[in-house]
Amino acid sequence: MKSIFGWLVVFLGATWIVKNNVITIPSNVQQTFQNGISQITTGLDSIVDSNWNFNQNASSNKDTAVGAKTPSESIVNDKNLSKIYYYSFADGTSDAVRSVFNQAIATYNATGIVQLKPGETKGWLNHITLGTYQKAMPAGKENVLELGVGGPEIMEQRGLVSRIANHASAKLNIYYGKSISQSVATHEIGHALGLDHSTSLRSIMYPLDRGQVTLSQADINGLKAIYGEANSES
Ligand SMILES: [Zn+2]
């Protein structure tokens, strides 16, 4: 996925300097944040649709063992992220896209492990920007379509006051109409929340779109590993 990651950084128009997956923000951008961010790390990954035979070691029963969990992106490991997220749609997001994202949000809220609420926010609160982009696959490579992209962006302040927030994104590649689906939206929000790809066919984080819209027990365990147990009151 390295090359895709590199491509996406370029695609998003970012001017970050990437070193070992640690991103240094330019000083003029830094000044727009009031509280002095010491570090920002990003992890973006995509889901694809494919008509070729996928030869990964996919397994339908690997994750049935007690305690099996979907992996998390390394940049969210051992971070004390709040389970409260605000989300908003980028300008121009169609009703069809909003609808599939709203279905995906309901799936995550039903776990009680995270809580996604509509709202714009800046600063040290978690936020997910939802939207779309358009990317055609290069000629001759149309047998594997990129349907979406998503991932966390961790802002951290260390020192006297330690703070952390995830300003994540999840986007559907509307160049291909089949990207506007609940399964792709759920996968990309999974990335935004910090989940990484799974080799399990049951997982929402399997890297090929299979129309999956429900979280596996391993996916739920993966969320718990990042955010802790579900709140009983929510
Ligand atoms: Zn993915």
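The values are calculated or read from the model by the stated rules, or taken from the named source; none is laboratory data. Quantities reported herein were computed from a predicted structural model and do not represent experimental measurements. Don't worry about glycine lacking a Cβ; one is built from the backbone with ideal geometry, like all the others, and counts go over all protein chains shown.
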(message) For region 159-184, give me the residue count where each residue is among the β-branched types (Val, Ile, Thr) and within 16 Å of Ile204 (Cβ to Cβ).
(response) 1
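Which members of region 175-205 meet the condition of being part of a loop (DSSP other than H, G, I, E, B) and touching a Lys or Arg at 6+ places or on another chain (Cβ under 6 Å)?
Initially, region 175-205 is screened for residues part of a loop (DSSP other than H, G, I, E, B), giving 175-176, 180-181, 193-194, 196-199, 201-205.
Correct list: Tyr175 only.
Any idea how many residues of region 206-221 are in contact (Cβ under 8 Å) with a residue 40 or more places away in the chain, away from the ligand (no atom under 11 Å from the Cβ) and not in a helix (DSSP H, G or I)? Explain how you work it out, then say what you get.
Restricting attention to region 206-221, the residues satisfying the condition of being in contact (Cβ under 8 Å) with a residue 40 or more places away in the chain are 206-209, 213-221.
Going one step further and asking which of them are away from the ligand (no atom under 11 Å from the Cβ), we end up with 213-221.
Narrowing further to those that are not in a helix (DSSP H, G or I): 213-216.
Total meeting the criteria: 4.
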(message) Looking only at region 87-127, filter to residues that are surrounded by fewer than 16 Cβ atoms within 10 Å (Cβ to Cβ) and assigned to a strand (DSSP E or B); which one of those is nearest to the chain's Cα centre (by Cα)?
(response) Ser88
(message) Which numbered condition in (1) within 16 Å of the ligand (Cβ to nearest atom); (2) within 21 Å of Thr41 (Cβ to Cβ); (3) at pLDDT 95 or above is the only one that Val149 fails?
(response) (3)
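How many residues does region 152-170 contain that are within 15 Å of the ligand (Cβ to nearest atom) and touching a Ser or Thr at 6+ places or on another chain (Cβ under 6 Å)?
As a first pass, look at region 152-170 and keep what is within 15 Å of the ligand (Cβ to nearest atom): 152, 168-170.
Adding the requirement that they be touching a Ser or Thr at 6+ places or on another chain (Cβ under 6 Å) leaves 169.
Of the residues in region 152-170, 1 are within 15 Å of the ligand (Cβ to nearest atom) and touching a Ser or Thr at 6+ places or on another chain (Cβ under 6 Å).
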(request) Within region 188-202, identify whether any single residue is crowded, with 24+ Cβ neighbours inside 10 Å, touching a residue at least 24 places away in the same chain (Cβ under 8 Å), touching a helix residue (DSSP H, G or I) at 6+ places or on another chain (Cβ under 6 Å) and hydroxyl-bearing (Ser, Thr, Tyr), and answer yes or no. (result) no
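In the list Ser198, Ser203, Ser181, which residue meets the criterion of being hydroxyl-bearing (Ser, Thr, Tyr), under 26 Å from Asn77 (Cβ atoms), within 16 Å of the ligand (Cβ to nearest atom) and in contact with a Leu (Cβ under 9 Å, 6 or more places away or on another chain)? Lay out the reasoning, then the answer.
Details: Ser198 fails: in contact with a Leu (Cβ under 9 Å, 6 or more places away or on another chain); Ser181 fails: under 26 Å from Asn77 (Cβ atoms).
Selected residue: Ser203, the only one of Ser198, Ser203, Ser181 that is hydroxyl-bearing (Ser, Thr, Tyr), under 26 Å from Asn77 (Cβ atoms), within 16 Å of the ligand (Cβ to nearest atom) and in contact with a Leu (Cβ under 9 Å, 6 or more places away or on another chain).
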